[in-house]
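Trainee: Encoded as structure tokens, here's the structure I'll be asking about.
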Amino acid sequence: MIFEEIENESTESDSDFLPTESEELESEEERNEEEEREAFYEHFLSDSESESEGENEELRNTIGDVPVEWYKEYSHIGYNLTGEKILKRDVIKAQKKDNLDDFLAKFENPDYWRTIQNKLTGEDHVLTDEELATAFRIQSGKYPDADYDPYAPHVDFFDYPDGKLHPLTNKPISKRGFVPSKWEAKKIIKIVKRLRKQKYSKRRTRRVVRDFLLWSNQEKMPKKFAEKKKLAEKRKSKGENIPAPKPHLPGHEESYNPPPEYLPNQREIEAWESIENYDEKPRNFLPQNFDRIIDIPAYSRFLNERFDRCLDLYLCTRAKKRKQKLTKRKIIPKLPDLEDLKPFPTHEMITYKGHINKVRSISVDPTGNWLVSGSDDKSIKIWEVFTGKCFKTWEFSEIVYSVAWNPNPETPIIAAAVGKYVLIINPGDSILSVKQVNNLMKKFPLVIEHENFDENQLEDENLNENLNENENLNENDILDRNQKIKQKLSQLNQLDNQNQKNPKKSSTHKKRHNAIWKSPKEFLNEIRSKKLIFQQKKLNPNNSNTDQLIEKLQIELEETEAHDNHELYYTKEDYESQEFKFTTKGIVAIIKCTNIVKSLTWHNKGDYLASVSPNGGREAVLIHRVSKNMTQNPFGKSKGVVQCVKFHPKKPLFFVATQRHVRIYNLLRGKMTLKLMPGVQWISSIDIHPGGDNLIVSSYDKKLCWFDIDLSTKPYKIMRYHSLAIRKVAFHNRFPLFCSSSDDKTTQVFYGKVFNDLLQNPLIVPVKILHGHEYPNEKLELGVLDCVFHPIQPWLFTSGADKTIRLFC
Amino acid sequence: MGRRKQKKPVIESKYLTRGQALRKLQLSLTEFRRLCILKGIFPRQPKKKGSGKVYYSIKDIKFLSHEPIIKKFREFNSFYKKIKKAIGKKEFQKIKSMESNLPTYTLHHIVKERYPTFIDALRDLDDCITLISLFAILPSSSMVPANRTQNCQKLYCEFLNYIIKTHSLRKVFVSIKGIYFQVEIKSQLITWITPHQFTQHPPKNIDFRVMLTFLELYEAILKFVNHELFYSINLRYPPEFDQEKLSNGDLLGALILLNENENENENENQNENQIENENENENQIENQKLMRERIKTLEQKLISVEKNEAINVQNEEKNQKENQGLDQEVEQNFFQKMEEDEDESTRKQYKQAQKQRSRKVIYGNLFEGKIFYLNREVPRLPLEFVIRSFGGKVGWQGEGSEFGENDEKITHQIVDRKRIDRRFISRAYIQPQWAFDSVNELILLPVEDYAPEVKPPHHLSPFVKDHIVGYIPKRREELISLKSFRNSSKKKKSNLKNQNQNQNQNQNQNQEELEKNYAQELENEFKGITYSQLEEQKKNKTNFQEVEIEGNEKSILSKTQLENQIRNKQPKKTSVFDQNDEKTQLAKAVMTRKQRIAFNKAQRISSKKQNSIDRLINKRVAFEIENQDEEDIKKRKTKSKQK
């Protein structure tokens, strides 16, 4: 190709140099054409002349040099000399032109084959031999003229007599005509150079890449590949290139003949089919069973799955995720050997059965021989620890929320919270002599010690009285009685007022409180009198006078009730239904509080007793002094719902746990010293380490907080391990143990050692989970309600909603 | 006082959105996609999630911008513009002449870049082979040009042939979707799936351009991989194809494998390369000779060791000692030689050869000497592939088979129909599943279970490690017991033989036995069965037959009994900790937050696992009770008939 091009180029360039020759040639051609045209005309003219010499001069058509066809539509064909139309049929007649003639002529006329019609004139013309010859020559593609010699030597048009060359024109030749082109020379040089380098092949063919080893022979590797390798390794090491995860390998369920347990049942099939989007389905196929390989049909989604995989490969984000292997060591903290931490309670020894409802509270006597429990069945029971026998029972009309044994071994009395009353109970002969108690409780001699005040007896008496009264009733009597009642009531009021006033004068805190100390006899009398009033009201409905009076009285009574709301002993219904029970045996004193008392705590020395009634507002916390029969209200304002209180074992400090915080008061100064913030939702109970510097707080939101009071107001450790609310926590007095009891039926025992060295943190190790209690029924999820350690042994008592108390040793 | 430069937010400094990337690279979206596919670039997930955009790492984009193929893309664009113009002007002659200027590109630099080592390439070969095997089957259409499918066929065929030659097939699994194969090449496991042999009807929602781009890359990769593989076993690449067979669909037989030594009569053009190759070949031959010698010495050593273990006869001990002495010398010489050589490559090669030998012993001997005949209705390619790669010979009904159905050498005929008109007593008639299951278990399973009239036993996935999953299907139990039974009986036999041979002092035969033993041990090791487990299994297996007898008389079990029976057979809990353990319960109290989260997670996972296992067991119990009932009814019927 290129060579050809070059040749062409060169010829072109040659022609540039010799322009004259081609011009000459062109002019010659023109001249030939002219000659031919002239010859043709001459011929035609001569032809027409020869015809004009014929006989029917007139009948010759005169239309001129125009095709006959133009006159197809007309009847004439030209005009004669006189100007008349020459009619076609005359001409035809004259020429004797007829189909028959023509046909005859075909056979008769030997020249017929060489006769042609002149299209111009419509006349016949017999071709001559010469004309025939030219026609044949033209047919065979030769020159028409036999004489013409195309290869004849060229004869110049002009003569050059001098033999010199003269240009046709006088124009001087341009410089371009004789100076070779610079640019073309450059181009040629370029081509020549490329030719020498063999850059041109005959035809450009596509390079076929030969197969080569990409990895094995590194020596032959081109340099750029080595660089690529480096780059790739760099990217890989930097984590920029994350290889795609391998596709999951199929499980048994994908088999064509899987074990039957891998096949879906009807429900699973429906569930699978209900999801339309394949991405959301748990599996992208439905396990099926076929008996033979030949039965397997085509899997229609094969291409789809491949396509999805392709999409995943280039559209999904990738990130390296460190998959931590969950090892035991990582998850589970290592505990010290539990054998070293013994003794602690490990298994259940004795179950104390007897209560018929959940046991709210328990307490152990300081010698460790007796256990007292208060229950929802409105009774208090004393148990012998070692035998599990119930020693004594008191029954009341109210739920016993809390019981507490005096921690002082010299004065073993029990405080119990029954409804709104705090009772001081002498547990009995065998435990405490009457004298001792009398010494302790100076004001109240044990009057009713030997009287048997049964409930029935009481009621009988009342009934008798009532009956008597009914019989003797006159109008006057009634009036008298009413007056008497009035007097009594006024007395009562006075007494109350005194009580209200006295503490104001006597108490150092100058705080009003409404707790009243009474002996059981007083209490009973009171009850009787009140009952009387109501019964009278009931018995005399018709008497108008008395009615009015009684109404007034009642109003008065109600007003007093309304005025001093807290002083209501019992509701009217109690009187009416006569279900009121009260046993006084062994009860030493009754402290009447304004609200339901829910928890009690003794001071370590056994003289002070603190009671908590959470709804009591400003009178929520009361401190009673047994030896003086006095009650104090330490707080003027309520700081929230008080959950529980504790005395510091050594210092005059008082711990008050409200819903969210624990406040520490100095009793001597009467000021708050510290406010602990456990950060829990609802505190359930607290206990103080016998050393006094550490505190545990349990909450209904399953948390247990250990406080080091010297360290911080925030917990040193928060632990969450119970699955339900924690009800109670307790420290052991002697051993480094503490426990928490929870609604999840378990009690967890911890080893909690506090070191004397201030720098060393307390060591807390869970040592045992005690099971045993059960839910009373399925609906009521109440587990272990109270837990108390034995004062001497490493034993633990727990009481539960399943009506039992259990001892763990 | 220059202003402090404000820091860019992390997303902007590290990532580019797709739009930004396109602008930066000046590519169209389709070109960008192509480039991403070829270069293996994927979007990233910023830690702080952006506004639902697709993000690419800036480094990735920079990396892309140096890619020479981008230039080619641009050349393509300009070229197509020219063509378009010419078409508009109807200059068809010009178009014809331009066709030769069509820009072309190769992908080998990309392959090299993505897989710097051969192992890397092998590791990523799963998708590659799956797609290529799919396209090898796909009918050519306007979307899939015929030459692509042909190329795929060839590449796939080459790959399969390599596997047959090296006996590197490991697992086969017939699933609903297709047939899974797993091969092991250079200790890399490659798994792929081929569809069942039906014509695929491409769904409309598939974008074939994406698939074809992937295919383009995969073709390039597999070509290089095949070349490398063929080179490693001293075969010439590219091999030649028998076009007739290829068009007949005989993929495996179409390949004409030639050793590199047979190059001599080839084209003169390749002379230079040939000379080099030949040099290499000579080297390799020499190496091989060396290796053979060394292997021989090793064999001797092995024999002596075995002897020590097995024989108690005093007379022979002496001989052994002598042998030992000799062997020690040989060994010393060997190591000295090694030290002298200090030629790591030869050492490597030696190791490789050793490996290959053991592989051949394990995997190539399974069907050794067995001659299979495939019926017309049986899928030929997978079966032929499987049988041949485990050392068997295959013939089939139809063209190109080496032998016909009447050949008496045939030991197994694979059939997938219930009734067979003409039976030969000399051969076993089996269903195709037999081959697959035997391969997976590496023993020849009893033929009766797979007879054409019977429903074959359940086909289990060989990829599931049942002990780890925690649930063992019934079939697996059977297989395990069967296998250990076989192994123990074989060992006994071999021991007996050993003794005889020792008496005869016939070393050659002994050698074979030893090899078998060695293979078995290797096999066991491969399966992860320790010696102690084997012992246990042996004990179980001695009772195997007794159990079977008992099984026949098995009385009907209640549901709970059955469940307990099944549960007892399941592997014990494999989780890291027992959640009901008291210590863990105690420790829960002192856990840190992190630990508690991890603990809960572990608990959740294990409970989920347990749930799925329970579901399976319940289903199985229900099913087995149903079966029992049916059997019971049958028995009663037969009894009543007898009466």
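Rule-based calculations on the coordinates, nothing more; no lab input. Bear in mind that the values here come from a model prediction, so they are computed numbers and not experimental data. Glycine also receives a Cβ, built like all others from the backbone with ideal geometry; neighbour counts cover every protein chain displayed.
Trainee: Using a 7 Å offset from the Cα along the Cα-to-Cβ direction at both residue B:402 and residue A:182, what is the distance between the two label points in nm, to one decimal?
Mentor: Distance between the two pseudo-spin positions: 8.1 nm.
Trainee: Return the long-range amide H neighbours of residue A:632 (sequence gap of 5 or more, or a different chain), with a cut-off of under 5 Å between placed amide H atoms.
Mentor: Result for residue A:632 returns A:623, A:624, A:625.
Trainee: Take the residue pairs A:182/B:96; B:559/B:634; B:171/B:245; A:392/A:605; A:637/A:728 and return only those whose Cα atoms are more than 29 Å apart.
Mentor: Working: A:182/B:96 34 Å; B:559/B:634 20 Å; B:171/B:245 27 Å; A:392/A:605 26 Å; A:637/A:728 27 Å.
Beyond 29 Å: A:182/B:96.
Trainee: Could you please report the charge total around residue A:311, scoring K, R as +1 and D, E as -1 over all other residues with beta-carbon less than 13 angstrom from its beta-carbon?
Mentor: Details: positive: A:306, A:309, B:33, B:209; negative: A:279, A:305, A:308, A:312, B:127, B:207.
Neighbourhood net charge equals -2.
Trainee: Show me the trypsin sites (Lys or Arg not before Pro) within the range A:355-401 that DSSP assigns to loop and that have at most 15 other Cβ atoms within 10 Å of their Cβ. Mind dumping the intermediate values first?
Mentor: Details: sites: A:358, A:360, A:378, A:381, A:389, A:392; in loops: A:358, A:378, A:389.
Answer in residue order: A:389.
Trainee: For the range A:252-315, what is the largest minus smallest coordinate of the Cα atoms on each principal axis, given in angstrom and ordered from greatest to least?
Mentor: 38, 28, 18
Trainee: When the convex hull of the Cα atoms of the range B:108-264 is projected onto a plane and the area is averaged over all directions, what value comes out in nm²?
Mentor: On the way: hull surface 40.5 nm².
Reported value for the Cα convex hull: 10.1 nm².
Trainee: Also: When only alpha-carbon atoms are used, what values of Rg and Dmax, in angstrom, describe the range A:666-809?
Mentor: Just the Cα atoms of the range A:666-809 yield Rg and Dmax of 15.5, 50 Å.
Trainee: Loop-only trypsin sites (Lys or Arg not before Pro) in the range A:745-785, please: DSSP not H, G, I, E or B, and at most 15 other Cβ atoms within 10 Å. Don't jump to the answer; show the numbers that get you there.
Mentor: Working: sites: A:745, A:753, A:768, A:779; in loops: A:745, A:779.
Hits after loop and neighbour filter: A:779.
Trainee: Apply 1/(1 + (r/R0)^6) to the Cβ-Cβ distance of residue A:651 and residue A:268, taking R0 = 60 Å, and write down the FRET efficiency to the nearest 0.05.
Mentor: It comes out at approximately 0.30.
Trainee: Enumerate by residue number the chymotrypsin sites (Phe, Trp or Tyr not before Pro) in the range A:344-410 meeting two conditions: DSSP loop (anything except H, G, I, E, B), and at most 15 other Cβ atoms within 10 Å of the site's Cβ.
Mentor: On the way: sites: A:352, A:370, A:383, A:386, A:391, A:394, A:396, A:401, A:405; in loops: A:386.
Passing both the DSSP loop test and the Cβ count: A:386.
Trainee: Can you pull the one-decimal nm distance between simple spin-label points at residue B:28 and residue A:107, each 7 Å off the Cα toward Cβ?
Mentor: With each label point 7 Å from Cα toward Cβ, the separation is 8.2 nm.
Trainee: A 19 angstrom limit on the alpha carbon distance is what I want to check against. Which of A:330/B:48; A:246/B:49; A:325/B:601; A:717/B:588 exceed it?
Mentor: Values: A:330/B:48 29 Å; A:246/B:49 26 Å; A:325/B:601 12 Å; A:717/B:588 14 Å.
Distance filter (> 19 Å) returns A:330/B:48; A:246/B:49.
Trainee: What's the center-to-center distance, using Cα atoms, between the range A:666-742 and the range B:57-109 in Å?
Mentor: Taking the Cα centre of the range B:57-109 as reference, the centre of the range A:666-742 is 79 Å away.
Trainee: Return A:677, B:211 ranked ascending by Cβ neighbour count within 10 Å, so the fewest neighbours appear first. Could you put the intermediate results ahead of the total?
Mentor: Details: A:677 14, B:211 23.
Listing A:677, B:211 from fewest to most nearby Cβ atoms yields A:677, B:211.
Trainee: Next up: If I model a spin label at residue A:291 and residue A:155 as a point 7 Å from the Cα along the Cα→Cβ vector, what separation in nanometres do I get?
Mentor: Each label point is offset 7 Å from its Cα along the Cβ direction, giving 11.1 nm.
Trainee: Now a separate question. For residue B:593 and residue B:94, compute 0.36 nm times the residue count separating them, minus their Cα-Cα distance, and round to one decimal in nm.
Mentor: Working: separation 499, 0.36 × 499 = 179.64 nm, distance 7.67 nm.
Going from the current span to full extension adds 172.0 nm.
Trainee: Also, quick follow-up: Too long at a 21 Å Cα-Cα cut-off: which of B:53/B:204; A:703/A:803; A:321/B:47? Each step should come with its number before you reach the end.
Mentor: Details: B:53/B:204 27 Å; A:703/A:803 26 Å; A:321/B:47 12 Å.
From B:53/B:204; A:703/A:803; A:321/B:47, over 21 Å: B:53/B:204; A:703/A:803.
Trainee: At a Förster radius of 41 Å, what calculated FRET efficiency corresponds to the Cβ-Cβ distance of residue A:340 and residue A:713, to the nearest 0.05? Could the numbers behind the result be given before it?
Mentor: Details: r = 33 Å, r/R0 = 0.80.
Result of the calculation: an efficiency of 0.80.
Trainee: Rounded to the nearest 0.05, what FRET efficiency do residue B:377 and residue B:468 have when you use their Cβ-Cβ distance and R0 = 51 Å? It would help to have the intermediate numbers written out before the result.
Mentor: Details: r = 37 Å, r/R0 = 0.73.
Calculated transfer efficiency: 0.85.
Trainee: Quick one: what Rg and Dmax do you get for the range A:752-809 from the alpha carbons, in Å?
Mentor: According to the Cα coordinates of the range A:752-809, Rg and Dmax are 15.6, 49 Å.
Trainee: Taking the Cβ of each residue in A:261, A:131 as the centre, tally the other Cβ atoms inside 10 Å and list the residues starting with the fewest. Intermediate values should be presented prior to the final figure.
Mentor: Values: A:261 22, A:131 13.
In order of increasing Cβ crowding within 10 Å: A:131, A:261.
Trainee: From the Cα trace of the range B:66-185, what convex hull volume per residue do you get, rounded to a whole Å³?
Mentor: On the way: hull volume 18.5 nm³, N = 120.
Hull volume over Cα atoms, normalised by residue count, gives 154 Å³.
Trainee: Could you list log10 I(q)/I(0) for the range B:559-642 at q = 0.14, 0.24 Å⁻¹, which the Debye formula gives when each Cα is one point scatterer?
Mentor: -0.67, -1.13
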